[in-house]
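Accompanying notes for the structure given below.
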């Protein structure tokens, strides 16, 4: 028996004979080997922990090797006794807990039912859960969950029925959710619960926030005595606490649990509730409870409770501080009236003198502060005038930056004055939109000042980091007693971003009342802008009426830009397209006049106008506005990561909507790069879109590669991401001739998204040639959407089931179902949209010769000709393809007779449809190759050609890149036949003078065979200047023999007619003549020059 690692060998040894593991290890590997040493270390650790009476963490960590715990992890809906399991409430390292509902018809009751994992029961024994039940049964305390019953499952594993507490674990609370008084009360009640447990000789041994539940009235309940230990049993075995963050050093070292271990853990819970506390008494209580030495801790939970009671009642903690000053302070806090009356009289006179002295000092301080600020601004303005040493005009932003430099080198020494100046400068930069520069100034601000709080909140809000903005805003409002308009207005905006249920209009009215008579015009506009935005979402018609009545003549460009943006959005929402277009243009002019080009607020206006452009279906304007948003957010990285991702997704969606797949691929690649290694729902969606872009640009190998990199971990992904990724993977496998079976497509139907995307699933099956499966699946759909019906119609058409097809077509024509396939342009602006336009329906094109190609059956299978290859007429060439990629018995080969200068143009089905395809090989055997003379392609040129291979089942492939075709039927170095100067005749009837011959068409050359005597003739085309050659009997022999001629054919039967495609001589232009020479030396020249055009 072979073992690949120490853990698997250790597992085998412990099941074989736990007492003789050391002797048995040498039976499976040689001494001295790394496997031997590693296994021995595991065995030693196992025995060491056993000797200490604990239950080894090695075994508990690897318990899954002994038993499968999946049963306990998925019991919803099952019946146990009189209880049906409704839902899973939680799951830990050793057990799962479910909500049980009594359904035996007696009483209505909800309970919590705890199931220990089979693996734990196997190792610890069934007594493990029985012991926990017994512990709980011995305890009767309002803060400890009660046990109602214990029962045994069919497999012999017992379970506990306990009290169900309606609430949330303490781990989901924090200092911001509970007042200080509530936190102290919670800890006092927990001390009381532990005192009850300890008096019953029970140590919990695993106290942590997740094992404490707060009910709806914030009363704590202590749960999970699963690894508790009895103080009565010296040999009591217990499971070592896994929560090392909350367990004592002694428990972590494997020592037996003691009362002080619970004290330590509860002290850690207190530290969780009071993180970074500045209260010295709270810090002292935490420190005493969590000291590493057990003897220095509170001796009992009751002592811990006494300290908390003293703190709550403002009594002194004498073990903490016994100084006279401290005791006096606690007396004042506890009995302020008594203390004051006792001490007031002697202090009255001293107080009066002190007040006069402080007021005088305050006036002096304010005067000095104002003098420093005025001196700074005087120095700033003087240093940046045309007559100064710098002597140049500065922009507003540069002027402010100069101020930042100056503040550190000026006479401003007072920290409050410096904070005031820096606050003003950073706020000005924020208002100008220079967020990066503002961040640099903000970093120099003293953080614990009102100015610092406000600027930090404003900057975080502009970045879209609303939770951070909320914290800074709350600090600002505390520092200013919430009496400042700026603070309240910013807090309202932040709250609205975080919670849509905020009563916005009521709050706006409250602020207006509170600051009535003191609001500036700008502040009134800010309030109105928020109100207008609310009306846009709830009542655009009322908003439009309100905005139309406003006199804008006194408004700045800033105010006009915002007002007109909202007006354009209201017009677009009401389908007033022409008005919306006009207002959009005006709003854009004012916005770009009001803001610097990289102001993030300008990007917000662009976003609002983008929604207008999409609603009025102005694609050009929409694309421009999206690009401008991208420019702003890219320049402000990394401050606007999320906004940039939103715009990149919108651009991807827009280009997918317009079927510009190459452009959509470039934008989503940027978004993928922006995501990096980040794992989030948005980045999952972006990676799915990247797969889609690769698929629609026919890069099927990329889809497979990136699927393996990003999506080959189904348990870590959202279902929707996994569904679309697998869909694109299967479609790409078909394009690469990899087998796709019906079971592969069956997997897609198991996803929650299957019903919504049934059309996509049917298309994928049809692409893989699984027509029968597609029909069966489509017919089983209960309420198919229009896209699914269209897909099913294509399936019926493929198997020529006309009656069924007619039924589906009739239901489509009724038009009663949702028009889910008609997506407006506005859908592109929703980042969560997944637009797969090429999947919306199947298109069919009938080529020359009745060959059919399906839009969803494109594959990659042509290996020759390759990119930039040159084919030569007159030289046989082997066209090659992969027959397994193109299912079917026969193949037809086509070449495009329309030039493209961008190979990506053929990535679109629409362009493939519009291209003229010339068939040059019909219904040949699908064996992978065909030899041809490029002459049959009827095409010529340096580049611009592709070969299309089409199977009789509608699958098709295009060659890679472009190839070229050059003339080469014979050498181009002139005349090869003998001409008798004296045997010139006038015999050529066509081409006529100035006649036009077309490349790709059969053009006739005609002559009088009786006049041009001989059995065969050679035909030449002039590849030189026609000047002085002449025609008919006037042809000039010396000029003819000096010109350069191209031989079309050297042996044509002299029957008076030859069919010519100008592709044979690479023709294009208006300087051509024909020369015909018979085998007896007679010769003739065509009339005035003819023209060759290449319409392709």
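Readers should treat all values here as calculations from the given coordinates under stated rules, not as data from a laboratory. As the structure is a prediction and not an experimental result, all values here were calculated from the model. Here Cβ is always computed from backbone atoms with ideal geometry, including for glycine, and neighbour counts include all displayed protein chains.
For the stretch 981-1093, the relative contact order comes to 43 percent (Cα pairs under 8 Å, sequence separation of at least 6). Among 1015-1023, 861-869, the peptide with the highest mean count of other Cβ atoms within 10 Å heads the list, and the full ranking is 1015-1023, 861-869.
Just so you know, the Cα atoms of the stretch 167-332 work out to an Rg and Dmax of 15.9, 52 Å.
Ellipsoid fit via the Cα gyration tensor, the stretch 181-227: semi-axes of 19, 13, 8 Å, each the root of five times an eigenvalue, largest first.
Sorting the segments 620-630, 949-959, 678-688 by their mean number of nearby beta carbons within 10 angstrom, highest to lowest, gives 949-959, 620-630, 678-688.
Each principal axis of the Cα atoms in the stretch 486-635 has its own extent, and those three values, largest first, are 46, 36, 34 angstrom.
A protection proxy built from the mean count of other Cβ atoms within 10 Å ranks the segments 77-87, 157-167, most packed first, as 157-167, 77-87.
Please report the relative contact order for the stretch 640-839, taking Cα pairs under 8 Å with a sequence separation of at least 6, and give it as a percent rounded to a whole number. Can you show the working numbers first?
On the way: 223 pairs, mean separation 42.8, N = 200.
Once normalised by length, the contact order is 21 percent.
No solvent, one uniform scatterer per C-alpha: report log10 I(q)/I(0) for the stretch 71-114 via the Debye equation at q = 0.15, 0.27, 0.29 1/Å, two decimals. These q points yield log10 I(q)/I(0) values of -0.33, -0.91, -1.01.
Let me know the shape class of the stretch 981-1093, please: from the alpha-carbon gyration tensor, a ≥ b ≥ c as square roots of the eigenvalues, rounded when a/c is under 1.5, otherwise prolate if a/b is greater than b/c, or oblate. In terms of gyration-tensor shape, oblate.
How high is the relative contact order of the stretch 167-332, in percent, counting Cα pairs under 8 Å that sit 6 or more residues apart? Write down the numbers at each step before the final one.
Working: 232 pairs, mean separation 37.1, N = 166.
RCO, the stretch 167-332: 22 percent.
Seen through its C-alpha gyration tensor, with square-root eigenvalues sorted a ≥ b ≥ c, the stretch 640-839 comes out prolate because a/c lies at 1.5 or above while a/b is bigger than b/c.
If you take the alpha carbon atoms of the stretch 573-711 and fit the smallest convex hull around them, that volume is 106 Å³ per residue.
With the simple model of a label 7 Å out from the Cα in the direction of the Cβ, residue 927 to residue 41 spans 6.5 nm.
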